[in-house]
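Okay, structure first, notes after.
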Amino acid sequence: MKRIIDHHGFTLLEVIASVAIITLVFTTAIATIMAMRNQAIATENKRVAVEFASSLRDDLITSLSYATVSPWLGGQEKTIDVTTCSNIGTIVTCDALEPIDSTVIDAEDVVITFYAPTAETTAYQIVRFSITIYYYKSRTITLEGVIYA
């Protein structure tokens, strides 16, 4: 009599192929989840950076005047950061660069640039400036402002 062999289960090749496919799916899923997480963190950090830069810009516009900034510039572009804010004669204090209650931004991440006067800005008696903030790895935002006479 003929013996009937009942084969239950999978072959070794089928098991290896299914493990490879499952590994590929999980690796892709984890990479996608990590990318989404990093983007969410970067977006939140950008929100904090924009909020701080807007506040700093508003403070500079209300506390500084053309009459004080223009002579201080002396016809040149000047940059204020954590290393130059303590220089004598700087119109922005180091405290202004320090965010309040922020784990996202440090004073080292904030740079204020007052642009050199042009014929147009001198004629209209305005001073242009920008605030650049570095956040989340190498990303930056820049807000511009104008101080009127």
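D for the chain, whole µm²/s, Stokes-Einstein with Kirkwood Rh over alpha-carbon pairs at 10 °C and 1.306 mPa s: what number?
Working: Rh = 19.4 Å.
Here the translational diffusion coefficient equals 82 µm²/s.
For the chain, give the magnitude of the charge dipole about the Cα centre (Cβ charges: +1 Lys/Arg, -1 Asp/Glu; no others), in debye to the nearest 20. The partial results should precede the final answer.
Details: 10 positive and 16 negative charges, 167 e Å.
Approximately 800 debye in magnitude.
Treat region 59-98 as a sphere of radius equal to its Kirkwood radius over Cα pairs and apply Stokes-Einstein at 4 °C in a medium of 1.567 mPa s; give the translational diffusion coefficient in µm²/s, rounded to a whole number. Walk me through the numbers before you get to the answer.
On the way: Rh = 10.9 Å.
Answer, rounded: 119 µm²/s.
On alpha carbon coordinates alone, what is the Rg over Rh value for region 95-149, Rh being the Kirkwood radius? Could you put the intermediate results ahead of the total?
On the way: Rg = 13.9 Å, Rh = 12.7 Å.
In region 95-149, Rg relative to Rh is 1.10.
Calculate how large, on average over all directions, the projected area of the Cα convex hull of region 38-123 is; give the answer in nm² to one decimal.
Average projection, Cα convex hull of region 38-123: 6.7 nm².
Given H placed 1.01 Å from N in the peptide plane, which residues other than close sequence neighbours of Ile80 have an amide H under 5 Å from its amide H?
Here the answer is Ile112, Thr113, Phe114, since their amide H atoms fall under 5 Å of that of Ile80.
Throughout, read-outs are computed from the coordinates displayed, never taken from laboratory work. In this text, all values refer to a predicted model and were calculated from it rather than measured experimentally. Positions of Cβ are backbone-derived with ideal geometry, glycine not excepted, and every protein chain shown enters the neighbour counts.
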